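Here is the structure we will look at, set down as structure tokens.
The values are calculated or read from the model by the stated rules, or taken from the named source; none is laboratory data. Computed from a predicted model, the values in this text were never measured in an experiment. A quick note on method: Cβ atoms are made from the backbone with ideal geometry, for glycine too, and the neighbour counts reach across all protein chains shown. Ligands, DNA and RNA are excluded from the accessible area calculation, which covers all protein heavy atoms including side chains. Shrake-Rupley method; radii C 1.70, N 1.55, O 1.52, S 1.80 Å.
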Amino acid sequence: MQFLWPQFLWLLLALPLLVGLYLLLLRRKRKMAVRYASLSIVKEALGGGPGLRRHVPPALFLLALALLLLAAARPVAVVRLPTNEQTIILAMDVSGSMRATDVQPNRLVAAQNAAKAFIAELPRNVKVGIVAFAGSAQVAQLPTTNHEDLVTAIDRFQLQRATATGNAIVISLATLFPDAGIDLETVEGGRRMRGFSLDPDRKPMKEFTPVAPGSYPSAAIIMLTDGQRTTGVDPLEAAKMAADRGVRVYTVGIGTVEGETIAFEGWSMRVRLDEETLKAIAQKTSAEYFYAGTAEDLHKVYRSLSSKLTVEKKETEISALFALAAAVLMLVAGGLSLLWFNRIL
């Protein structure tokens with residue numbers, strides 16, 4: 001904790017003087033009390049309370065005074081506060097393997113239900129965008145605070161073949177930074193020459209200065225998948241693009257790690273969860289990886305992410321907290337004094 005006006009801390013040196021003054025007044029009170037002949041009058045003069053109880057209100061008042069002096073010095077600390085502006089992109093796998101029923105009622109429905117519950121619990125000022133991916137990735141819903149539109153987009157998911165996890169990250173970044181010229185075609189083809197694009201109307205990818213991974217506080221990506229990448233951009237390459245822009249990519253794995261054979265539209269395929277890559281994506285972007293083996297696990301993951309993404313650590317002046325604590329202590333001190341001795345301090 002730091003102080004904006006540390007010079008006010010010198011006033012704390014007055015507290016020992018006040019303690020000394022209090023003890024001096026008590027001693028003087030005892031000397032005056034011995035002049036009375038009646039013992040009952042002496043007891044009344046000494047405070048009329050048992051033991052050390054009579055010192056409690058003054059001690060609380062002194063502590064309140066110390067807190068007020070600390071508040072005057074304007075303390076600053078790093079605290080967790082609700083985010084003012086935040087955009088979250090939900091990148092959700094809609095590949096054919098999501099119809100597997102190892103997560104009840106099936107992986108896709110469980111993912112849809114958990115995502116809708118996650119959205120419902122978010123503050124209304126948080127924007128959410130939806131990216132659906134299978135063999136390709138597309139924006140199902142641009143970032144919005146309208147929860148009804150988000151739920152409608154999630155309900156419209158249609159299962160497709162293949163899994164392009166890297167494409168999902170690139171499209172999510174393009175959605176977060178629409179003016180950055182992030183182009184999936186350029187990234188996919190490895191054409192990183194400045195301003196080069198097969199489409200003359202497409203905005204070129206702009207030059208930028210890389211920042212520390214996880215340092216961009218205004219946006220995050222949550223990617224849920226149940227399989228390995230089978231096509232599209234290398235997900236670790238896409239993760240580096242996110243890391244260079246400071247965007248965290250939280251990854252959520254659903255399904256079996258060992259692998260499972262799934263029947264889909266008259267043909268079968270064997271899928272397994274690529275935890276190693278998902279963990280690497282999260283680590284590269286200073287985020288976290290979560291595994292959800294059941295529908296309830298998936299709900300817990302999203303609840304955990306909600307608490308992580310809707311608050312931020314921020315250096316904030318906390319003088320008001322010290323002043324509030326001082327006011328409470330003063331009220332308690334005055335109340336105890338009235339209750340015990342029928343006087344205020």
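Yes/no per residue for (1) in a loop (DSSP other than H, G, I, E, B); (2) open to solvent by less than 40 Å² (accessible area, probe 1.4 Å); (3) at pLDDT 90 or above; (4) within 15 Å of Asp234 (Cβ to Cβ):
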residue: Glu148; (1), (2), (3), (4): no, no, yes, no
residue: Val151; (1), (2), (3), (4): no, no, yes, no
residue: Val170; (1), (2), (3), (4): no, yes, yes, yes
residue: Thr186; (1), (2), (3), (4): no, yes, no, yes
residue: Lys203; (1), (2), (3), (4): yes, no, no, no
residue: Phe208; (1), (2), (3), (4): yes, no, no, no
residue: Pro213; (1), (2), (3), (4): yes, no, yes, no
residue: Pro217; (1), (2), (3), (4): yes, no, no, no
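Can you tell me which residues in region 88-103 are touching a Gly at 6+ places or on another chain (Cβ under 7 Å) and open to solvent by 10 Å² or more (accessible area, probe 1.4 Å)?
Answer for region 88-103, where residues must be touching a Gly at 6+ places or on another chain (Cβ under 7 Å) and open to solvent by 10 Å² or more (accessible area, probe 1.4 Å): just Asp102.
Pull up region 1-31, narrow it to residues that are open to solvent by 100 Å² or more (accessible area, probe 1.4 Å) and not in a helix (DSSP H, G or I), then point me to the one that is nearest to Leu65 (Cα to Cα).
Trp5
Assess whether Ala243 counts as being surrounded by 18 or more Cβ atoms within 10 Å (Cβ to Cβ), outside any strand (DSSP E or B) and at pLDDT 85 or above.
yes
Select, from Glu258, Glu276, the only residue that is modelled with pLDDT of 90 or more and open to solvent by 60 Å² or more (accessible area, probe 1.4 Å).
Glu276
If you go through region 287-303, how many residues are farther than 17 Å from Met223 by Cβ and open to solvent by 60 Å² or more (accessible area, probe 1.4 Å)?
The number of residues fulfilling the criteria is 4.
Kindly indicate whether any position in region 124-131 is at pLDDT below 95, open to solvent by 70 Å² or more (accessible area, probe 1.4 Å), over 21 Å from Val249 (Cα atoms) and of a type outside the set (Asp, Glu).
Checking region 124-131: at least one residue is at pLDDT below 95, open to solvent by 70 Å² or more (accessible area, probe 1.4 Å), over 21 Å from Val249 (Cα atoms) and of a type outside the set (Asp, Glu).
Are any residues in region 59-78 at pLDDT below 85 and assigned to a helix (DSSP H, G or I), and if so, which ones? Lay out the reasoning, then the answer.
Step one: filter region 59-78 for residues at pLDDT below 85, giving 77-78.
Result: no residue meets the conditions.
Of all residues in region 286-302, count the ones that are outside any strand (DSSP E or B) and either of a type in the set (Asp, Glu) or within 19 Å of the chain's Cα centre (by Cα) (or both). It would help to see each step written out before you state the result.
To start, the set of residues in region 286-302 that are outside any strand (DSSP E or B) comprises 286-288, 293-302.
Narrowing further to those that are either of a type in the set (Asp, Glu) or within 19 Å of the chain's Cα centre (by Cα) (or both): 286-288, 296-302.
The qualifying residues number 10.
Name the residue that is nearest to Pro75 (Cα to Cα), counting only residues in region 313-338 that are modelled with pLDDT under 80 and loosely packed, with under 15 Cβ neighbours inside 10 Å.
First pass over region 313-338, keeping only residues modelled with pLDDT under 80: 313-315, 337-338.
Next cut, loosely packed, with under 15 Cβ neighbours inside 10 Å only: 313-315, 338.
Values: Lys313: 16, Lys314: 14, Glu315: 10, Leu338: 33 Å.
Of everything passing the filter in region 313-338, Glu315 is nearest to Pro75 (Cα to Cα).
Does region 231-239 include one or more residues that are open to solvent by less than 50 Å² (accessible area, probe 1.4 Å), at pLDDT 95 or above and touching a Phe, Trp or Tyr at 6+ places or on another chain (Cβ under 6 Å)?
no
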